[in-house]
Structures are given as structure tokens and as C-alpha cells.
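S.K.: This is the structure I want to talk about, given as C-alpha cells.
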Amino acid sequence: MKYDMREMTWQEFDRIRHEKIVILPVGSTEQHGPHLPLSVDAIIAEGLSLMVAESIGGIVAPTIYYGYKSAPLSGGGPLFPGTMDLNAVTFMNLVHDVLEELIRDGVKKILILNGHYENEDFILEAVDLLSRKYEDVKIIEGSWWDQVSQHAMDRVFDEVEFPGWDLEHAAIAETSLTMYFRPEFVRIDRLIEDGVEQQLSYSVYPAPKEIVPKSGLLATARSSSPEKGKLLAEDITYGYVNILKKEFNI
């Protein structure tokens, strides 16, 4: 069975659109240090979405590759070439319009799988507006890092202390997941030891260049591996599948 909507003809999608759960991966195009591609957030969201779809017999909609502005203290923001940010209204409208097109096609059950830290509030705003208009449609939203079990955390962060998800940017979790999903994109020979020495408790605009290390890394990626990526991917998939079973009675 095909799970990727991009590979389906319209007739194939038409036959299953009313009954299946559609998963929308949402990422970003953002710097991820010297060893990872700009598309990390989208790669991870899409890879996990396909695993979840295979587990439940769902459909994965085309990935959104652009996200809300990358904050300096959780990704680097506009300090690095290649990071392509959307304004809040633009991003919210993009998510809103994609979801509404699915709904107009008769889709009643949707999971939004988010892979970019700054996206969530604006995704939820779009979902809230749609839920007032389409009361017969159920939409679930969740960021992948919120589905990681403590058991998996203990095994992934066995050598390096967990720095918190806001600093886990291009670090062990994202590097390991990218090594698992798209190993050909990981430049492990360019991996360096770097990170933020002191995290500010406030924001400064315009963002000072020295607020983020020149490498773009906020924490170390040392001890990353495809095996840890596989462990995370399977653990996160398990979490999402349980959510969908509970919310959609599958």
C-alpha cells in the first residue's frame, strides 16, 4: 500500500480520503550546524510521519518545508545564510490553507506532526480557527520531541547530559534521527564540539551575532549514531500510534 500522498494519483487518493487518517509533516528550512542539512526539521517530520502512516494505514500529505522564524536562542534565527523564515501570519495561513484543502476533500481525521520548535503556537492558531468552522473534523497536533519516552531519553543521552529541547538543536537527537532517515546528508567529518556557554533568560533584537556560536551549534552532537536515531524513531512512532488509537478509536 502507498502511504505517501505525493505518489498517488487523484483516483487512488479519492478511494481512501474519507476513511484514512492524513498526517501533515511540518518542518522548516534552517541552519543546523556544519554537519547537517538545512532541511533537518522537515526530514525528521516526514520520516516519522511515514513510519506512523505505515503503522496505522494512514496517508502522509506533502511536507511543509518552511516554518516560523527560527529564534536566535533555539536555532540561530537570521544569523546564518540559508535559514528561510516565514512571518507568523504567512506561516499560519499556509498551514490553515493546506488543512482546509484536505478538509474540503473530505478528510475528517488529521494528525499534524511538527518538527520545528517555533512552529507550534501558529499551527495551533490555524487549527483553532478551522475547528470553529468544521466541527465534524478532528485534528491532533504534536511535536515529535514531546513523544519521546523517558526510557528512550536515558538510552540516547547515556554519555552526554540532556541540555533541554531548546538547546538540543543539531545535537544528539536531531543528528541521530537524520543519520537514521537520510544518512547521505550527514557530514559527520565536519562535526565539531561547540555550544552555548550561557543561555540568556531574555531576548534581544536585533539579535547580536555573538549570541550563537559561529558554528550554529547550541549543544554537542557527540555520541550521535544511526542506532540512536532508530531507537528514537521507533519510540516516537509508538507514542503517536497510541495517541491515534486513543483519539480515533483505531
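The values are calculated or read from the model by the stated rules, or taken from the named source; none is laboratory data. Keep in mind that this is a model prediction, so the values were computed, not measured. All Cβ positions, glycine included, derive from the backbone under ideal geometry; neighbour counts span all protein chains shown.
S.K.: Only residues in the stretch 152-163 that are closer than 12 Å to SER176 by Cβ count as the first member; pair them with residues that are hydroxyl-bearing (Ser, Thr, Tyr) and crowded, with 17+ Cβ neighbours inside 10 Å, Cβ under 8 angstrom, at least 6 apart or cross-chain, and list the lot.
M.R.: VAL156/SER176; VAL160/THR220
S.K.: With respect to TYR180, determine if the residue is hydroxyl-bearing (Ser, Thr, Tyr), part of a loop (DSSP other than H, G, I, E, B) and more than 30 Å from GLU19 (Cα to Cα). Steps first, answer last, please.
M.R.: Numbers: hydroxyl-bearing (Ser, Thr, Tyr): yes; part of a loop (DSSP other than H, G, I, E, B): no; more than 30 Å from GLU19 (Cα to Cα): yes.
Criteria not met by TYR180.
S.K.: Right, another one. Go through the residues of the stretch 126-139 one by one and say whether even a single one is free of Cβ contacts under 8 Å to residues at least 40 places away in the same chain, of a type in the set (Gly, Ala, Ser) and in a helix (DSSP H, G or I). Full working, then the answer.
M.R.: So in the stretch 126-139, the residues free of Cβ contacts under 8 Å to residues at least 40 places away in the same chain come out as 126-137.
Next cut, of a type in the set (Gly, Ala, Ser) only: 126, 131.
Then keep just the ones that are in a helix (DSSP H, G or I); that gives 126, 131.
Yes, that holds for at least one residue.
S.K.: Here are some residues: ASP105, ASP41. Which one is in contact (Cβ under 8 Å) with a residue 60 or more places away in the chain and within 30 Å of GLN198 (Cα to Cα)?
M.R.: Numbers: ASP105 fails: within 30 Å of GLN198 (Cα to Cα).
Result of the check over ASP105, ASP41: ASP41.
S.K.: Within the stretch 215-250, can you find the residues that are small (Gly, Ala, Ser) and either in a helix (DSSP H, G or I) or at pLDDT 95 or above (or both)? Quick ask: steps written out before the conclusion?
M.R.: Of all residues in the stretch 215-250, those small (Gly, Ala, Ser) come to 215-216, 219, 221, 223-225, 229, 233, 239.
ALA221, SER223, SER224, SER225, GLY229, ALA233, GLY239, listed by residue number.
S.K.: Between a first residue in the stretch 165-192 that is surrounded by fewer than 21 Cβ atoms within 10 Å (Cβ to Cβ) and a second residue that is hydrophobic (A, V, I, L, M, F, W, C) and assigned to a helix (DSSP H, G or I), which pairs have beta carbons less than 7 Å apart while being 6 or more apart in sequence or on different chains?
M.R.: Going by the 7 Å Cβ cut-off, the qualifying pairs are TRP165/TRP145; ARG182/ILE43.
S.K.: Based on this model, can you work out whether PRO163 counts as over 20 Å from the mean Cα position of the chain (by Cα) and not in a helix (DSSP H, G or I)? Can you show your working first?
M.R.: Working: over 20 Å from the mean Cα position of the chain (by Cα): no; not in a helix (DSSP H, G or I): yes.
So PRO163 fails the test.
S.K.: Scan (1) more than 21 Å from the chain's Cα centre (by Cα); (2) under 21 Å from PHE91 (Cβ atoms); (3) of a type in the set (A, V, I, L, M) for the single condition ALA126 breaks and write down its number.
M.R.: (1)
S.K.: Scan the stretch 193-212 and give yes if some residue there is buried (at least 21 other Cβ atoms within 10 Å of the Cβ) and within 19 Å of GLY76 (Cβ to Cβ), otherwise no. Steps first, answer last, please.
M.R.: Within the stretch 193-212, the first condition is being buried (at least 21 other Cβ atoms within 10 Å of the Cβ), and the residues that meet it are 212.
Remaining after also requiring within 19 Å of GLY76 (Cβ to Cβ): 212.
Scanning the stretch 193-212 turns up at least one residue that is buried (at least 21 other Cβ atoms within 10 Å of the Cβ) and within 19 Å of GLY76 (Cβ to Cβ).
S.K.: Sticking with this structure for a sec: Only one of these is surrounded by fewer than 16 Cβ atoms within 10 Å (Cβ to Cβ), out of contact with any helix residue (DSSP H, G or I) (no Cβ under 6 Å at 6 or more places or on another chain) and of a type in the set (Phe, Trp, Tyr): PHE80, PHE157, PHE162. Name it.
M.R.: Values: PHE80 fails: surrounded by fewer than 16 Cβ atoms within 10 Å (Cβ to Cβ); PHE157 fails: surrounded by fewer than 16 Cβ atoms within 10 Å (Cβ to Cβ).
Testing whether each residue is surrounded by fewer than 16 Cβ atoms within 10 Å (Cβ to Cβ), out of contact with any helix residue (DSSP H, G or I) (no Cβ under 6 Å at 6 or more places or on another chain) and of a type in the set (Phe, Trp, Tyr) leaves just PHE162.
S.K.: Restricting attention to the stretch 109-146, and to residues there that are of a type in the set (Phe, Trp, Tyr) and under 21 Å from GLU30 (Cα atoms), which single residue is modelled with the lowest pLDDT? Before the answer, list the steps.
M.R.: We begin by selecting, within the stretch 109-146, every residue of a type in the set (Phe, Trp, Tyr); these are 117, 122, 134, 144-145.
This time we only want the ones that are under 21 Å from GLU30 (Cα atoms), so: 117, 122, 144-145.
On the way: TYR117: 93, PHE122: 98, TRP144: 98, TRP145: 98.
The selected residue is TYR117.
S.K.: Name the residues in the stretch 101-140 that are under 15 Å from GLY58 (Cβ atoms) and surrounded by 19 or more Cβ atoms within 10 Å (Cβ to Cβ), would you?
M.R.: Hits for the stretch 101-140 are LEU102, VAL107, LYS109, ILE110, LEU111, ILE112, LEU113, ILE139.
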